[in-house]
Amino acid sequence: MQHSCNQNFSFNQDSSCLSPRSNPCLTHHLKRPYSRAHRSILYCLAFCPWFILPFSPLIAYFVAMVFLLLCADCNDKLMLSLLGLNIAVSGSLIWASRVYFDSDSDDFLRYYDTYECLIKGHFDALFTYGGGFEIGLPLFYVLLDCVWGALRPSEILFFTILFPSVLVFVWVVRYMGDWRAQDRALCLFFVFLFFNFYAPSQWSRQSFACAFILFALKEEKFFWKYLFVVCASLFHLTSIPIFFILESLKKYPKITLAFVVLGSLSFVFAFEFILMAYKVGFIPHLGILNKLNYYTLYQERGIFMDLDFSFLFLLFCMGVLFCFPTPKDFIKREQTYFFLVFVWLYVVFLPFSYASNRLTLVFNSFLLGYMFFVAIRNFSIVAYGVGFLILLAKFAYYFFSPYSGLWYSYPLMGKFLYYFDLH
C-alpha cells in the first residue's frame, strides 16, 4: 500500500496531499467506475450483518468486520457506512451483556443509582458529578427516560455504549472524505478492532468526553471546535487540560512532549505532598480535582494493579512500527509524537491504581486503532494478516472464554431481538 503522496487524514487538515485535485492517483482511484452488478453484490454484503444482528450481535460484528477487511478496495462510502454503523451497534450489544454490580469497583453501580434517582424525579442528582459541573451524563439519562421510559440495566448499558461508539463512527466517516479507498476501509477496520466497547460502560463520563475531544481536535472552525470542548467538559472536566495538551501537540510537538515529560515526573514525585495538601484543605476541593478523594481514601497503589503484559507487548510492536523508516510519511511522523505522549503517560502513572487507563483513555480506548493503522498501513500484507488474526482472537475470546464477563444479561444468540424487553 505504498503511495506517492500521503493522502490519509491527519490531525492537521491543511496538507495539500489531502485534496484529490492535488493528487492525480487519488483522483483516478476515486473516479473508478463500478458496474451495477458489482455494486449490487457490495450492497448485499453490507446488508448481511443487519439481517444477522437481531439474532446474534457477536456473529454480526464478526461478519461486518470481515466484510470490511475483504472489501478494502471499495470506495463506496454508503457501503462502508452500513458496515461501520452495524459494527458500532453490534459491539454495543455485545458489551451491554456484560456482568454488572459484581463489585464496588464497577462504576456502573454508581451511575445506575444516579439513573434511578433521576427517573424518580430527584433532579438534584443532575449535579452529582464534578462539583455540579459535569451534568452531561445525568442529562443523557433524563433523555433516555423521556424517549424510552424506565430501562433495565443492560438496556442502559447498551445506550451508554452506543452513543460514544456512534460518535466515533461519525468521526471516522466525517473526516475520511479524501482518503484512498483502501485507507478508508482499513482505517475504519482498525479503529473498531481496537475500540474499547467496555470503556463507556465503566468509565462512562470520560468516554463521552473523549468522543467529543476527537471532534474538537479535527474541527478547524473556532466556534465548533470549542463547542465540542464545552460538550466534553460537561461530561468530564479533565477533558479541558487533555484537549489543550493534544491541541498543543499538533502545533508544537517537541515542546509539548518535553512539557508532558517534565510535568508528569514532577507530579509523580510530588504526589504524596499533593495528597497531604488536599487533605488539609490547602488545595481547594474543586470539581476537577474530585478524583483526589479516591487516592486520599484508597491508597492501594502498586505497579502491578494495571500491568497488562499483552497490552505492553502491543505497545512495543507499535513502537517498532513507528520507528521503521518510511520515507516521506509525514502523517506517521506527526502521529509518532502522539504515540510517545501516550506511552509515556501510560507507563509513568502505572504506580497509581487505575490512573494509567483513565488518564490515557482517549488513546488506549479511542485512538489506539487509528495509531496502529498509521503505523502499519504501509505494510499492506502484514496489515491484513495481523488484522484478521487479532479479529479471530477477539471472536474466540468473546465466544469461548468464561473470563470475558460477557453474556450475563442475555446469551450470545437467540430469537429475534431477544436482547431487548419487548413485552
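Okay, here's what the table says:
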quantity	calculated
Hz values of 3J(HN,Hα) by residue in the range 394-404 - Karplus curve (6.51, -1.76, 1.60), Gly and Pro given as x	5, 4, 5, 5, 5, 7, 10, 6, x, 8, 6
Peptides ranked, highest mean first, by Cβ atoms within 10 Å: ranges 372-383, 229-240	229-240, 372-383
Surrounding net charge for P325, when Lys and Arg each add one and Asp and Glu each subtract one, Cβ distance under 12 Å	+2
Heavy-atom accessible area order for Y111, Y418, largest first, 1.4 Å probe	Y418, Y111
Accessible area in the full protein assembly, largest first, 1.4 Å probe, for E220, E247	E220, E247
Two-site FRET efficiency, S103 against F309, from Cβ-Cβ distance with R₀ of 22 Å, rounded to 0.05	0.45
Accessible surface, per residue, of the range 50-122 when the full set of protein chains is kept, probe 1.4 Å, Å²	35 Å²
Accessible heavy-atom area order of W50, W95, W148, highest first, probe of 1.4 Å	W148, W50, W95
Potential extension, I283-F133 segment - 0.36 nm per residue separation minus Cα distance	52.1 nm
Too-long pairs where the Cα-Cα distance tops 22 Å, listed order kept, from K77/K251; K77/K415; K77/K250; K77/K218; K251/K328	K77/K251; K77/K415; K77/K250
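The values are calculated or read from the model by the stated rules, or taken from the named source; none is laboratory data. If you're wondering where the values come from, they're calculated on a predicted model, not measured in any experiment. Glycine gets a Cβ as well: all are built from the backbone with ideal geometry, and neighbour counts include every protein chain shown. Only protein heavy atoms, including side chains, enter the accessible area calculation; ligands, DNA and RNA are left aside. Shrake-Rupley method; radii C 1.70, N 1.55, O 1.52, S 1.80 Å.
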